[in-house]
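The values are calculated or read from the model by the stated rules, or taken from the named source; none is laboratory data. Keep in mind the model is a prediction, meaning the values are calculated, not measured. Every residue, glycine among them, receives a Cβ derived from its backbone with ideal geometry; neighbour counts consider all protein chains shown.
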Amino acid sequence: MKKILLVIHIGLFFVTSKAQMPEASIDSLVKTVLKTFDVPGISVGIVKDGKLIHAKGYGVRSLKNNLPMNENTLVGIASNSKAFTSAAIAMLVDEGKMKWDDKVRDYIPNFKMYDPYVTDAFTVRDLLTHRSGLGLGSGDLMFFPDGGNFTREEMIHNLRYLKPVSEFRTKFDYDNNLYIVAGEVIAKVSGLSWEEFIEQRIMKPIGFTSSTASYSRVKNNTNIIDAHAPADGKVIAIPHDWNDVANAAGGIMSNITDLSKWVILQMSDGQYGENKKLFSKEMHDEMWSPQTILQTGAGAYNTHFGAYGLGWFLADVKGYKQVSHTGGLAGTVTQITLLPELKLGIIVLTNQQSGAAFTAITNSIKDSYLGYENRGWVKKMDDRVKAGEAEAKKINDDIAKDIATQQKLGTTKIVDSLFVGTYNDKWFGNIVVSKKENGLWIASAKSPRLNGYLTHYKSNTFIVRWTDRSFDADAYVMFTLDRNGKADGFKMEAISPLTDFSFDFQDLDMKRTK
């Protein structure tokens with residue numbers, strides 16, 4: 001899931017003010033963002049002092065129908081779902097049905113990590129804190145980018161094959177699969193599926209009217225976005241592919257109207273209105289307490305400390321606490337930012353995968369409450385995007401030049417039959433390399449849209465250019481050969497530094513089986 005999950009969580013302040021950005025200024029800001037970052041639609045919500053004071057949509061919900069985006073338009077909130085998973089566990093802890101530090105195997109006996117010690121020591125708390133030792137996005141290809149064909153049981157089983165990159169509980173590396181396990185723990189303890197628990201025990205009691213725990217559970221799709229992504233330089237609508245097995249990590253569909261109630265609940269210690277108490281202040285404080293330390297720098301907001309809590313990013317600001325999270329699916333990104341001591345919450349939902357867009361909006365609104373003059377966040381983020389795109393373009397241009405030079409010199413001739421075959425990775429399953437009329441073709445058995453032609457690059461290395469150009473995740477395919485010169489396996493690596501981390505090609509270790 002999107003790289004913005006990791007890089008836009010820091011926002012800390014040292015100037016105190018209570019000035020609200022005028023509505024006309026918000027309108028102008030968002031319209032500029034829509035144009036600058038080529039986003040079809042954005043909705044923005046601001047909660048202040050326990051009330052929703054701004055709720056508005058801008059642009060269109062889909063390029064297919066050009067219907068207007070509004071505060072009730074449903075958007076996949078992606079990893080902002082994680083805080084709901086954490087809250088669900090907090091409720092069960094409040095009820096005495098479980099504890100944060102219960103062992104995972106007490107609830108899911110077949111849970112197993114690569115290291116036996118880690119398996120035995122792993123707690124429910126560990127599921128939520130991104131300190132497992134697994135690498136960034138490890139195993140995400142089982143549900144990303146196109147939903148895949150993995151069952152929840154397969155995904156949990158396959159965790160045992162994912163090799164750690166750091167010692168257990170020593171380092172932050174963002175993870176999605178362990179939140180899926182947390183969803184199963186909730187189901188085991190409560191007797192409800194994760195989806196039923198979220199809808200019945202959280203959404204319904206505080207008055208959600210349109211939201212659902214997954215895309216497949218949306219009953220009224222008359223006001224819902226299409227996801228959008230750049231493909232060969234043009235933003236297009238793309239399928240909302242999502243495997244329901246990953247709902248506990250990022251499946252919720254919601255809107256500004258409903259999420260404002262969630263924000264109010266969070267900033268009221270689990271209380272909504274006079275009679276709705278979902279979780280205790282003790283549990284609320286636990287979720288907002290540092291669990292995993294993050295490396296951070298002063299940045300634009302004089303940040304000194306950063307951490308991950310239970311479903312939330314946390315940071316300091318000269319006495320202020322920021323509690324936030326981002327979310328990203330293919331074609332949509334979202335952000336929720338809370339400044340509880342200022343009783344301020346900012347929600348930004350988009351239908352295009354530009355993290356720069358929501359960052360520019362959130363930071364500009366945030367600055368207005370902190371007394372900053374206009375610091376030009378749109379331009380800052382636009383410059384950052386353009387620099388990243390230029391770097392990626394140079395890499396791809398250099399590759400194209402290398403291939404053209406080798407073709408001209410006649411040094412790219414290969415014997416296709418040496419590479420044709422079926423290859424297997426223990427956690428990802430089979431990938432088949434076959435011969436087609438236009439060259440070698442590579443296709444995943446478990447992730448149907450992950451396919452494309454192979455272009456020979458250098459020696460035993462090829463380039464795969466995925467058929468779905470919205471993936472923006474072309475990769476090196478590096479074959480190994482046996483003593484007879486026949487390919488017996490391969491590894492992969494993303495080409496562009498902009499490739500979403502959930503394309504965790506680097507974790508694959510494909511071995512020929514046929």
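Sort out which residues of the stretch 212-269 are over 19 Å from the mean Cα position of the chain (by Cα), at pLDDT below 95 and hydrophobic (A, V, I, L, M, F, W, C), and write them in order of number.
The one that is over 19 Å from the mean Cα position of the chain (by Cα), at pLDDT below 95 and hydrophobic (A, V, I, L, M, F, W, C): ALA231.
In the stretch 34-48, how many are in a helix (DSSP H, G or I), buried (at least 17 other Cβ atoms within 10 Å of the Cβ) and out of contact with any strand residue (DSSP E or B) (no Cβ under 8 Å at 6 or more places or on another chain)?
Within the stretch 34-48, residues that are in a helix (DSSP H, G or I), buried (at least 17 other Cβ atoms within 10 Å of the Cβ) and out of contact with any strand residue (DSSP E or B) (no Cβ under 8 Å at 6 or more places or on another chain) number 1.
With respect to ASN438, is the statement that it is touching a residue at least 12 places away in the same chain (Cβ under 8 Å), of a type outside the set (A, V, I, L, M) and surrounded by 14 or more Cβ atoms within 10 Å (Cβ to Cβ) true?
So ASN438 does not fit the description; no.
So which helices (runs of 4 or more DSSP H) stay within the stretch 184-287 end to end and still have 3 or more residues that are in contact with a Phe, Trp or Tyr (Cβ under 7 Å, 6 or more places away or on another chain) and either on the phi < 0 side of the Ramachandran plot or surrounded by fewer than 21 Cβ atoms within 10 Å (Cβ to Cβ) (or both)?
Correct list: 247-250, 256-266.
Select from the stretch 116-152 the residues that are outside any helix (DSSP H, G or I), surrounded by fewer than 24 Cβ atoms within 10 Å (Cβ to Cβ), among the small types (Gly, Ala, Ser) and modelled with pLDDT of 95 or more and list them in ascending order.
Of everything in the stretch 116-152, those that are outside any helix (DSSP H, G or I), surrounded by fewer than 24 Cβ atoms within 10 Å (Cβ to Cβ), among the small types (Gly, Ala, Ser) and modelled with pLDDT of 95 or more turn out to be GLY133, GLY135.
For the structure I just gave you, tell me whether LYS491 is free of Cβ contacts under 8 Å to residues at least 60 places away in the same chain and more than 30 Å from LEU329 (Cβ to Cβ).
Spelling it out, it is not the case that LYS491 is free of Cβ contacts under 8 Å to residues at least 60 places away in the same chain and more than 30 Å from LEU329 (Cβ to Cβ).
Tell me, yes or no, whether the stretch 83-94 has at least one residue that is over 13 Å from MET287 (Cα atoms), aliphatic (A, V, I, L, M) and crowded, with 24+ Cβ neighbours inside 10 Å.
Checked the stretch 83-94: no residue is over 13 Å from MET287 (Cα atoms), aliphatic (A, V, I, L, M) and crowded, with 24+ Cβ neighbours inside 10 Å.
Yes or no: the stretch 420-440 includes at least one residue that is part of a loop (DSSP other than H, G, I, E, B), in contact with a Gly (Cβ under 8 Å, 6 or more places away or on another chain) and not basic (Lys, Arg).
yes
Kindly indicate the residue of the stretch 378-395 that is touching a residue at least 12 places away in the same chain (Cβ under 8 Å) and out of contact with any Ser or Thr (no Cβ under 7 Å at 6 or more places or on another chain) and also surrounded by the most Cβ atoms within 10 Å (Cβ to Cβ) among those meeting that condition.
Across the stretch 378-395, the extreme among qualifying residues is VAL385.
Just one of (1) part of a helix (DSSP H, G or I); (2) over 20 Å from THR85 (Cα atoms) trips up LYS163, so point out which.
Exception for LYS163: condition (1).
What number of residues within the stretch 462-472 are closer than 21 Å to ALA404 by Cα and either at pLDDT below 95 or basic (Lys, Arg) (or both)?
Count: 1.
Confirm whether LYS97 is surrounded by fewer than 19 Cβ atoms within 10 Å (Cβ to Cβ), in contact (Cβ under 8 Å) with a residue 60 or more places away in the chain and either in the same structural domain as SER289 (by TED's automatic domain parsing) or not in a loop (DSSP other than H, G, I, E, B) (or both).
yes
Just one of THR337, THR359 is assigned by TED's automatic domain parsing to the domain that holds LYS51 and in a helix (DSSP H, G or I); which is it?
Answer to the check: THR359.
Here are LEU63, LEU52: which of them is closer than 29 Å to SER354 by Cα, among the hydrophobic types (A, V, I, L, M, F, W, C) and either part of a loop (DSSP other than H, G, I, E, B) or at pLDDT below 95 (or both)?
Residue meeting the stated conditions: LEU63.
For a quick check of your reading: which strands (runs of 3 or more DSSP E) sit entirely within the stretch 451-502 and have at least 2 residues that are polar (S, T, N, Q) and touching a strand residue (DSSP E or B) at 6+ places or on another chain (Cβ under 8 Å)?
Hits in the stretch 451-502: 451-458.
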